[in-house]
Amino acid sequence: MTATGNRQLEEAAVAVTRLAANLVREVVGHGAALRTKSSNTDVVTPTDLRSEQLIRRELERWVPGSSFVGEEYPEHEGSGEVVWVIDPIDGTVNFLYGLPVVAVSIAAQVDGTMVARRGR
């Protein structure tokens, strides 16, 4: 991928991170645990699911054929060269307790190399 292509991926990451961050910000401190994963403190909320759905949908619009590796849904292998790595709410326990130390994290990889990333 070219430098121009990398800048376009970063532009997509920035735009979609902002959308997801707005969704998360609206309900921080008002969420509820839906289930746990690896431990009692590794929780999943409905907002985690909604955030990752929004991120995948919007990134697919920006970069059709993308692959996705996320925290809440199975990996998806697309037809293109871009793999998006997603953490829809980094700091879910903080999110649940209303602590303002949470982020939405998105990174793009091409051939195993990170070429764009954004956290908000």
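Just so it is clear, none of the values below were taken in a lab; they were calculated from the coordinates. Please read all numbers here as calculations on a predicted model, not as lab measurements. As a convention, Cβ positions derive from the backbone with ideal geometry for all residues, glycine included, and neighbour counts pool all protein chains shown.
List of remarks:
- Whole-Hz ³J(HN,Hα) from phi, Karplus 6.51 cos²θ - 1.76 cosθ + 1.60, for the stretch 78-93, glycine and proline x: x, 8, x, 9, 8, 10, 9, 10, 10, 10, x, 8, 8, x, 4, 5
- Listed peptides 82-88, 105-111 appear in the order 82-88, 105-111 once ranked by packing, highest mean of other Cβ atoms within 10 Å at the front.
- Likely footprinting exposure, ASP48, ASP90, ASP42, fewest C-beta neighbours within 10 Å first: ASP42, ASP90, ASP48
- When +1 charges are put on Lys and Arg Cβ atoms and -1 charges on Asp and Glu Cβ atoms, the dipole computed for the chain relative to its Cα centre reaches about 380 debye.
- Sparse packing (at most 16 other Cβ atoms within 10 Å of the Cβ) combined with a DSSP loop state is found for the following GluC sites (Glu not before Pro) in the stretch 24-120: GLU75, GLU77, GLU81.
- Shown for TYR73, TYR97: other C-beta atoms within 10 Å of each C-beta, ranked fewest to most, produce the order TYR97, TYR73.
- Distance from the alpha carbon centroid of the stretch 61-118 to that of the stretch 6-29 works out to 10 angstrom.
- The Kirkwood radius of the chain, taken over pairs of alpha-carbon atoms, gives through the Stokes-Einstein law at 20 °C and 1.002 mPa s a diffusion coefficient of 148 µm² s⁻¹.
- Residues ARG56, ARG35 in ascending order of nearby Cβ atoms (within 10 Å, fewest first): ARG35, ARG56.
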